[in-house]
Amino acid sequence: MAMHIGEVAARTDLSLRSLRHWEDVGLVVPSGRSEGGFRLYAEEDVERILFVRRMKPLGFTLDEMKAVMADLAALRDPGAGADDRARAGEHLADVQRDAAERLSLIHI
């Protein structure tokens, strides 16, 4: 089921401006557009948005978050090569360790 930006904003507790900005910088792009040009988001898009939303307070930069989104896309891509998938998995493991360390510093 496709959702418009207002519904996604309400579900993710983000502003329309944030969602549009993230699209403009290539961080999270909606799955499609309606005939009228309105953004259409799938459930998978919402999951990515929520993932980014959890990374942001930990101080990850836009470039770091874009790299994570690219890695996740590589792991989901059935046409990705084994080397690309392995590299993506290794990078994601590094990011997960980094996120855990950042989180521990916040809770001190």
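The values are calculated or read from the model by the stated rules, or taken from the named source; none is laboratory data. Every value quoted in this text rests on a predicted model; they were computed, and no experiment measured them. All Cβ positions, even for glycine, are placed from backbone atoms using ideal geometry, and neighbour counts span all protein chains on display. The area values use the complete protein model at the heavy-atom level, side chains included, leaving out ligands, DNA and RNA. Shrake-Rupley method; radii C 1.70, N 1.55, O 1.52, S 1.80 Å.
If a residue has to be open to solvent by less than 80 Å² (accessible area, probe 1.4 Å) and farther than 23 Å from residue 67 by Cα to count, how many in segment 24-34 make the cut?
Result for segment 24-34: 1.
From 92, 103, grab the single residue that is out of contact with any Leu (no Cβ under 6 Å at 6 or more places or on another chain), surrounded by 14 or more Cβ atoms within 10 Å (Cβ to Cβ), touching a residue at least 24 places away in the same chain (Cβ under 8 Å) and not charged (D, E, K, R).
Just a single option satisfies the conditions, and that option is 92.
Are any residues in segment 35-66 open to solvent by less than 80 Å² (accessible area, probe 1.4 Å) and either within 16 Å of residue 17 (Cα to Cα) or touching an Asp or Glu at 6+ places or on another chain (Cβ under 9 Å) (or both), and if so, which ones?
Within segment 35-66, 39, 40, 41, 46, 49, 50, 52, 55, 58, 60, 62, 64 meet the criteria.
Sort through 84, 98, 71 and tell me the only one that's surrounded by 14 or more Cβ atoms within 10 Å (Cβ to Cβ), of a type outside the set (Lys, Arg) and farther than 24 Å from residue 46 by Cα.
It is 84.
Which ones in segment 10-23 are closer than 18 Å to residue 55 by Cβ and either open to solvent by 70 Å² or more (accessible area, probe 1.4 Å) or assigned to a helix (DSSP H, G or I) (or both)?
11, 12, 13, 18, 19, 21, 22, 23
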